[in-house]
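What follows is a short report on a single structure.
Bear in mind that the values in this text are calculations on the coordinates, not laboratory data. Predicted, not measured: the structure shown is a model, and the values here were computed from it. Heads up, the Cβs are rebuilt from the backbone with ideal geometry, glycines too, and the neighbour counts pull from every protein chain shown.
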Amino acid sequence: MRATGTASAPFGPHDFQLVLLRRMADHQPGLVEDARRELGASITDMREADRQAMTRSTRSRGALSRYRSVLGEPETRARRAIGDLECDALLWPVPLWPDLRFEVLTPPGGGPVWNEWLVRAPGAAGPELRTAADLAPWSCTVDEVARAFPPARPLEGSAPTRWRLAFTPPGGTPCVAEFTWGLLQRLV
């Protein structure tokens, strides 16, 4: 067992993954339990990582510098256009989900964090999404569902790290998908 965020083991990528899991536990406790065990962490470790993350989220440093202090330098950085808006996309690997990356979007050249979530890694194949039955928990991201079932409509989430999309699959009934940190949790 690893001591979370102690002086001998600073808060880092392992703890960051526990924070992601803690936010997903409301919707997928079984998947979270399996992932927590895979990380070799106890429930107490997960709670402590979440507590430390809340302590670290003070406004003394910008969110981007906090991500860099925890995750290191991004694996990739790219300029991206979203509609008329240009932004920098910074991506970090997340070992629990090797085909995903944690993405942070900022104004060009830095500044406040506009968005932070999990996305498919560049070059990694995403799932084939044709029907609602293809939408298994943790199988796809917000943008993948939105592209697969246009015109998907974003809805307000229940917390800052949560998103919802309303869509109608071909020949199906209207659905709402819920995401935490950009990863599908469930259909409601």
Checklist outcome for this item: Residues meeting the amide H criterion for Val113 (H placed from the backbone, H to H distance under 5 Å, 5 or more places apart or on another chain) are Ala63, Leu64
Checklist entry - What is the set of long-range amide H partners of Gln185 at a cut-off below 5 Å, with H atoms built 1.01 Å from backbone N? => result Trp138, Glu178, Phe179, Thr180
Checklist outcome for this item: Each label sits 7 Å from Cα toward the beta-carbon; between Thr44 and Ile82 the label points are separated, in nm, by 4.0
Checklist entry - Scanning the chain for trypsin sites (Lys or Arg not before Pro) in DSSP loops with at most 16 other Cβ atoms within 10 Å, what's the longest stretch left with none? => result 62-129
Item to check | Rg/Rg_ref, the range 24-130, where Rg_ref = 2.2 N^0.38 Å and atoms are Cα | outcome: 1.21
Next on the checklist: Taking 8 Å as the Cα distance limit and 6 or more residues as the minimum spacing, I'd like the relative contact order of the range 104-152 as a percentage.
Outcome noted: 25
Checklist entry - Which whole-number percent is the relative contact order of the chain (Cα, under 8 Å, 6+ apart)? => result 14
